[in-house]
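FYI, it's all coordinate maths here, none of it is from the lab. Just so it is clear, the structure is predicted and the values come from calculations on it, not from any experiment. In this analysis, Cβ positions are derived from the backbone assuming ideal geometry, glycine residues included, and neighbour counts consider all displayed protein chains.
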Amino acid sequence: MALDSKVPEGPIKDKWTTYKDKINLVNPANKRHIDVIVVGTGLAGGSAAATLAELGYNVKAFAYQDSPRRAHSIAAQGGINAAKNYQGDGDSTYRLFYDTVKGGDYRSREANVYRLAEVSANIIDQCVAQGVPFARDYGGLLDNRSFGGVLVSRTFYAKGQTGQQLLLGAYSAMNRQIARGKIEMYNRHEMLDVVKVGGKARGIIARNLITGEIERHSAHAVVIASGGYGNVYFLSTNAMGSNATAAWKAHKRGAYFANPCYTQIHPTCIPRSGDYQSKLTLMSESLRNDGRIWVPKNMDDVMAIREGRKKPTDLSEEERDYYLERRYPAFGNLVPRDVASRAAKERCDAGYGVNATGEAVYLDFASAIERYGKEQAKIHGINNPSKEKITELGEGIVEAKYGNLFQMYEKIVDENPYKTPMMIYPATHYTMGGVWVDYNLMTTVDGLYCIGEANFSDHGANRLGASALMQGLADGYFVLPYTIGDYLANDIRTGKIPTDTKEFDEAEKEVKDRIDFFMNNSGTKSVDHFHKRLGKVMWDKVGMARNEEGLKEAMAEIKAIREEFWKEVKVPGNANEMNPELEKAGRVADFLELGELFAKDALMREESCGGHFREESVELDGEQKGEAKRNDKDFAFVAAWEYKGEPSDAVLHKEELEFKDIELKQRSYK
Amino acid sequence: MNLTLKIWRQKDSNAKGQMVDYKVTDISEHMSFLEMMDVLNEQLINSGEEPVAFDHDCREGICGMCSMYINGEAHGPDRGVTTCQLHMRMFKDGDTITIEPWRATAFPVIKDLVVDRTAFERIQQAGGYISVNTSGNTQDANALPISKHAADEAMDAATCIGCGACVATCKNSSAMLFVGAKVSQYALLPQGQVEAADRVRNMVAQMDLEGFGNCTNTGACEVECPKGISLDNIARMNRELIKASVSD
Amino acid sequence: MSGIFNSSIGRKIAMALSAFFLMIFLLQHFVINSLSVINPDTFNEVSHFMGTNWLIQYIMQPVLIFGVVFHFIMGFILEIKNRRARQISYAKNNGAANSTWMSRNMIYSGMVILAFIVLHFIDFWFPEINTKYIQGDMSGMHNGEFRYFHELQEKFLSPARVAAYVIAFVFLALHLLHGFTSAFQSMGSTAGRKKAMQNFGKAYAIIIPLGFIIIALYHHLNHH
């Protein structure tokens, strides 16, 4: 099947408006007869469910947590971008569009990104109307902060909990519709398959996680909004339950999976402290504004620090290697996420990691504290301030800026980051890849939509800070509710979709068979055992830097783990009760397939772009020597994979990317 | 360190539960409390027993899923943290740790340490929103200035994660801190004024219907709240309800 | 205001309103009692006035009794509802970690106070009602002088009764230590959370019961 992105004709700035004017609409009386299933209730799913219900559709929403409010969108810290230009610093829809395409290393679809930028301003209006308490300045107007990779101040925020506040906004909109009976909310339910009838997505099979009951739900369209697949690495900043099962089942039912190798590894996370580690915690990117990143220059000092004979503060300036400042004098510690992450890995791989696991670098605030301290001393008119006084004043400023983060760090690591440098290490954070969708956000299966992090569409090979929240809400509030109407307009005479058909029988049987297999398998190893092994292969060979040999090994190793999993996995308890191990088993089984496709995609993409770094594709000389080298001639396409049984047999379909409105350029941070 | 755990085990909502003792060994002080539970569960799975079911998700203190009553306190002995942020360095080698589910009639146990908190959902559905449709035509976000003070205070109320520690810790199983926080967020913002009277009346009525107890102002909820939601929010809710009643 | 008193918050407000009324009454009672230490004659005169004035007797007294009864009944209703809100209790509960003993045991301090009020009625109120309204002696005189001060002194002869009074007032203090500021909170005011009001509340909660104790002890020790 040829991929048709269905991007409307016309100049980029008019595409969305013209499109909206021409699509089919469903009249309000008919909407009452149309059902839509939304799987996942984060920013994308929650906002979509609420908006579709407001429009009059009957929505059934599914969440594996006990409340829509607990979706992992809630953990987003920094903010949400919008081209409001409230600061008068020259921001515009075009600039936001440009920054997003460039930040994505020219691997996203122009028309989608432009639309995203276009509706971004509406999101802020909508959220404020809902009572989202964004930060304000003393004049009572909305405040903005700036974020990495851009030259304007366009990020709206609510303390360090922007994701939480936006999600609670969408959740409140959902609650209003639940109360009106327009949304039927299924908490503690997990979607385990998509049901296709006559080639169209017409329902899902879901498991009630409390009773274990397998349920059939039908609808005229199904929307997948189940988030990203970062947990394929086992350790990530995702929630423990974040999983790819809904998206993967959609893939197995015919939805192409696009660019799985595009993963964002965030440079500033709290390092792993031991093998028992279950998840990683992000420390906001903003810390790099004032922190200097370093490792010791000499291996002796590294050993001395690891063994506790020396403290980082014992090392003189000459004994430290501020490697980002050394390698990237122009941007220094503020290079983009992917560059900072790879540089940390390079040092740690060379043996300079500073904690027991060898996977940590220092993020040091001492110079910032001294700089701020001296500045404050001057402001307060203190002549010849003592070193102690300077430190005290400087720490005050650092506390005002990052107090909550420092406290969080201290709670986890039990070290005072004001007195000793923080230890950080990169961690998997976000997946740009996902289910392939066209301009309508429809997958390659009719009536099956995919929104939010679960789809691939807007961030290309790398996502800029504060853009994930924007995309989730844009898709759910402002894009899908229009585009889905165009499709559903053909369904006004369809009537209720029955669930007692052979398609539902078959899908349910497959789901039940798989559960029965898990319950009856006489294995000896826990689900986590396999998940951790998969995670290690992914991290070592499909992590921040990838090469042909490693990727081939990874594919073979993942396949081997998968085969062993199906023989040796042990799932305790019963199927007809709450059984967290059974839930995990199903998710890990899907990750074990996705992981292999991920490696295959990375192997195919013989270029370095954004979060995907191929060691074979680097600049060989000149100022950019050793840096990532993109190959626009051969790889300016979206890789959409069609399921054919084994992940290694997946068939590649290319959507060529055209850049009519933006000139392709090499990123340079030297 | 080596620990003895006394954990509430209950097969399902109809079963009778009991406290069961477990031993865990070689627990690192750097582990989070839930990682210690992971160790226990791995041990149980390997020895053919059923692992302990407990709610958890984000493991960074924001989703509000985790909910354990540890040594007689909601989210354990540390302050300003959820169970997932509690670290084992708060305990000593040889300690016995008692772990129970949230206890409230309105939060029935589903299994082991997992409770049903959908009562909170129904309270929110009764009025925890501003009635505005998604249109893209709402007025510009800056058309309505809101004082920084009010916005900040609304934000403080809005940081509630809905974990239910307030109910669990309250000797009366009262949900007033939770409801007060939501009522306050909207009461502090001009957008919330239009529906203010109905909102507080409906939310309080639903809260009562769910079987939560009455607040007697012990202040325990504020102390145990992982997000430090202020008791002032309860006073504000009381005020809002009086206002709503007078305006009838 | 329809319906508000059927809600949990309405009940709290009702508790607080009756509490404020009782706290004012308590202050008034204390002022009059302290006269018995300062000047027995004035005490007699004021007592006679309070005992015979129609406004006090027919309006204020019934209101007071209603207030007391209401506060107790509502307290019990709330307690029962609150217990129902948690039918299985914790195996281990560390209430001291997050709240004061006083706040967690209002029902018990309240019950001690209730027992005291019963004793107090038996000691003073029933004989008084008997004398005035059953025997019809509104003179307030006994053997040619006011009887109030004498009766007071006689009641405090018994060490057991004095001990009971002392214990009851200790519990009253405990009750007030939480109740005073709590009442503000229930009324929707954050005043009770301000440091100054908390100090004032503490002073009120300690000084008044302590004063009653001193008065009881004074009469016990000074009786000739």
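So here's what we get for this one:
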| item | result |
| --- | --- |
| Inter-part distance where segment B:181-248 and segment A:543-602 are each reduced to a Cα centre, Å | 47 |
| Sorted by Cβ density within 10 Å, fewest first, the residues A:500, A:590 | A:500, A:590 |
| Separation of alpha-carbon centers, segment A:154-221 and segment A:240-295, rounded to whole Å | 23 |
| Estimated vicinal HN-Hα couplings, Hz - segment C:75-90 in sequence order (Karplus 6.51, -1.76, 1.60; Gly, Pro = x) | x, 5, 4, 4, 4, 5, 4, 5, 5, 5, 6, 9, 7, 10, 8, 5 |
| Pairwise FRET efficiency - residue A:632 versus residue B:247, Cβ, R0 = 60 Å, nearest 0.05 | 0.35 |
| Residue among B:82, C:44, A:224 farthest towards the positive dipole end of the protein assembly as shown, charges placed on Cβ | C:44 |
| Approximate spin-label separation residue B:90-residue C:64, in nm, with each point projected 7 Å along Cα-to-Cβ | 5.0 |
| Relative exposure of A:263, A:18, A:51, judged by other C-beta atoms within 10 Å (fewest first) | A:18, A:51, A:263 |
| Student exercise, segment A:256-395 dipole from Lys, Arg, Asp, Glu Cβ charges, in Debye to nearest 20 | 200 |
| Given A:311/A:541; A:20/A:660; A:159/A:387; C:12/C:202; A:525/B:11; A:182/B:16, the pairs whose alpha carbons are separated by over 28 Å | A:311/A:541; A:159/A:387; A:182/B:16 |
| Residues residue A:325 and residue A:623, FRET efficiency given R0 of 22 Å [Cβ-Cβ distance, rounded to 0.05] | 0.85 |
| When each of A:345/A:532; A:60/A:279; A:252/A:629 is checked by Cα-Cα distance, pairs over 29 Å | A:60/A:279; A:252/A:629 |
| Angle between chain A longest axis and helix A:548-568 axis [Cα atoms, degrees, rounded to 10] | 60 |
| Distant-in-sequence amide H partners of residue A:82 (H built 1.01 Å from N, under 5 Å) | A:156 |
| Chain A, dipole about Cα centre (Lys/Arg Cβ +1, Asp/Glu Cβ -1), debye to the nearest 20 | 1160 |
| Residues whose placed amide H lies under 5 Å from that of residue A:435, excluding near-sequence neighbours | A:258, A:455, A:456 |
| Packing-based exposure ordering (other Cβ within 10 Å, fewest first) of A:620, C:27 | A:620, C:27 |
| Nitroxide proxy distance, nm - points 7 Å out along Cα→Cβ at residue C:119 and residue C:141 | 3.5 |
| Global geometry of the protein assembly as shown, whether rounded, prolate or oblate, following the gyration tensor of its Cα atoms and the 1.5 cut on a/c | prolate |
| Dipole of segment A:88-138, positive direction: furthest Cα of A:131, A:111, A:100, with charges on the beta-carbon | A:111 |
| Inter-label distance, nm, simple model (7 Å from Cα along the C-beta direction), residue C:170/residue A:407 | 4.0 |
| Cα-centred dipole magnitude for the protein assembly as shown, charges only on beta-carbon of K, R (+1) and D, E (-1), debye, nearest 20 | 1860 |
| Two-site FRET efficiency, residue A:289 against residue B:11, from Cβ-Cβ distance with R₀ of 56 Å, rounded to 0.05 | 0.60 |
| Positive-end residue, segment B:3-111 charge dipole about Cα centroid, Cβ charges, pick of B:10, B:94, B:66 | B:10 |
| Cα centroid of segment C:159-215 to Cα centroid of segment C:20-83, whole Å | 15 |
| Crossing angle, helix A:387-413 versus chain A [Cα axis fit, 0-90 degrees, rounded to tens] | 30 |
